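A.B. asks: My structure is below; once you've seen it, I'll send some questions.
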Amino acid sequence: MDYIRGNYSMVAATATLPADRQLYFIEQAWISFYAYMNNDLVATGVLFFLIHEGVYFGRSLPWMILDLLPGIFGRWKIQPLKTPSLKTQMECLKDVLVAHFLVEAIPILAFHPLCQHLGISLDVPFPNWRPMVLQLATFFVFEDAWHFWFHRLLHSSSYLYKKVHKQHHKYAAPFGLTAEYAHPVEVAITGTGTVGAPILWAYFFGNIHMITIITWVVMRLLQAVDSHSGYEFPWSLHHFIPFWAGAEHHDDHHRLFIGNYASSFRWWDYFLGTECKTTVEKRSGVTTKKTL
């Protein structure tokens, strides 16, 4: 039963809850938002777009502040001699905003009909966290594989690199805002990997909720921005999860323009021999001036 409709009833929404279970605040806000919008297609599109913009720029802001304070945070900058100026970051911000409104907004707003077709749920209460963990882990693995192979293709083909991927490599020393600074074709390719994971899950297995997809998109955005941050800390995640890629892994790719093609994990590059030489040297504890 879908409770997210213009003429919804809170009594109907809570009737299926156990006696000791009340709707959480986020579930109440979910119902209220869809009821206020009174149009599921528009509501889903607006919700996704606002979350996307809020997370992307909200997560980019701290990295921008760090870049403006090199005297304090420069020791953790991976390429300290290439800290972007405020002017450079504002130019990138302008280009990314244009891409978001002219390229990404259209498929985001068209996402709801596909969700309806695949039976992706909007119901409350939200699903238990346990199946969500499995789904999110699967999405990360799928997207990472997708990203590795298509990213490698964009570098293997001189035509595709020149016409499509070269734009993303304008900044040899990446910063948070550059995560989605890319040619529209590349935006479509990488976006397909992100959105394709939950779509395939819904097609083959069903039983997936929109809140799971939103959670996945948020986590993917955080990963993308952080991997472009240009900062490496003693508490960075890959120090605790060795196969996590992180900023150090992707920064080498931008600096050398080749190798380290995966997005979230290191295993594809490790097993297929596409790691940057500097990445291999750092893992082996060897320091040389040679690069891939």
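Throughout, read-outs are computed from the coordinates displayed, never taken from laboratory work. As the structure is a prediction and not an experimental result, all values here were calculated from the model. Neighbour counts are summed over all protein chains in view; Cβ atoms, including those assigned to glycine, are modelled from backbone coordinates with ideal geometry.
A.B. asks: Quick check on the stretch 236-255: of everything there that is in contact with a helix residue (DSSP H, G or I) (Cβ under 7 Å, 6 or more places away or on another chain) and hydrophobic (A, V, I, L, M, F, W, C), which residue is surrounded by the fewest Cβ atoms within 10 Å (Cβ to Cβ)?
C.D. replies: The residue in question is Phe243.
A.B. asks: Ok, one more. Do you know which residues across the stretch 237-276 are among the acidic types (Asp, Glu) and either touching a Pro at 6+ places or on another chain (Cβ under 7 Å) or not in a loop (DSSP other than H, G, I, E, B) (or both)? Can you show your working first?
C.D. replies: Here is the first cut: in the stretch 237-276, the ones among the acidic types (Asp, Glu) are 248, 251-252, 269, 275.
Selection gives Glu248, Asp251, Asp252, Asp269.
A.B. asks: Can you tell me which residue is farthest from Trp129 (Cα to Cα) among those in the stretch 195-217 that are surrounded by fewer than 21 Cβ atoms within 10 Å (Cβ to Cβ) and of a type in the set (Ser, Thr, Tyr)?
C.D. replies: Taking the candidates together, the pick is Tyr203.
A.B. asks: Let me ask something else about it. Quick one: which residue in Leu160, Leu154, Leu136 is touching a helix residue (DSSP H, G or I) at 6+ places or on another chain (Cβ under 6 Å), within 29 Å of Ala202 (Cα to Cα) and without any contact (Cβ under 8 Å) to a residue 40 or more places away in the chain?
C.D. replies: Just a single option satisfies the conditions, and that option is Leu154.
A.B. asks: Got a number for residues in the stretch 52-76 being in a helix (DSSP H, G or I) and either among the acidic types (Asp, Glu) or surrounded by fewer than 16 Cβ atoms within 10 Å (Cβ to Cβ) (or both)? Walk me through how you get there before you give the answer.
C.D. replies: Keep residues of the stretch 52-76 that are in a helix (DSSP H, G or I), which gives 52-67, 70-76.
Add one more test, that the residue is either among the acidic types (Asp, Glu) or surrounded by fewer than 16 Cβ atoms within 10 Å (Cβ to Cβ) (or both), and what stays is 53-54, 58, 61-62, 65, 67, 70-72, 74-75.
So the answer is 12.
A.B. asks: Hey, among the residues in the stretch 31-90 that are of a type in the set (Lys, Arg) and in contact (Cβ under 8 Å) with a residue 12 or more places away in the chain, which one's farthest from Leu102 (Cα to Cα)?
C.D. replies: Keep residues of the stretch 31-90 that are of a type in the set (Lys, Arg), which gives 59, 75, 77, 82, 87.
Remaining after also requiring in contact (Cβ under 8 Å) with a residue 12 or more places away in the chain: 59, 77, 82.
Details: Arg59: 22, Lys77: 33, Lys82: 30 Å.
Going through the qualifying residues, I end up with Lys77.
A.B. asks: Determine, yes or no, whether Lys166 is within 21 Å of Met90 (Cβ to Cβ) and of a type in the set (Lys, Arg).
C.D. replies: Criteria not met by Lys166.
A.B. asks: Now a separate question. For the stretch 124-133, what are the residues that are of a type in the set (Phe, Trp, Tyr) and touching a helix residue (DSSP H, G or I) at 6+ places or on another chain (Cβ under 8 Å)? Talk me through it step by step, then tell me what you get.
C.D. replies: Of the residues in the stretch 124-133, the ones of a type in the set (Phe, Trp, Tyr) are 126, 129.
Within the stretch 124-133, just Phe126 meets the criteria.
A.B. asks: On to the next question. Filter the stretch 79-102 down to residues that are among the aliphatic types (A, V, I, L, M) and surrounded by fewer than 18 Cβ atoms within 10 Å (Cβ to Cβ) and give me whichever is farthest from Ala197 (Cα to Cα).
C.D. replies: First pass over the stretch 79-102, keeping only residues among the aliphatic types (A, V, I, L, M): 81, 86, 90, 93, 96-99, 102.
Now drop any that are not surrounded by fewer than 18 Cβ atoms within 10 Å (Cβ to Cβ), which leaves 81, 86, 90, 93, 97-99, 102.
Details: Leu81: 38, Leu86: 36, Met90: 32, Leu93: 28, Leu97: 25, Val98: 26, Ala99: 23, Leu102: 24 Å.
The extreme case among them is Leu81.
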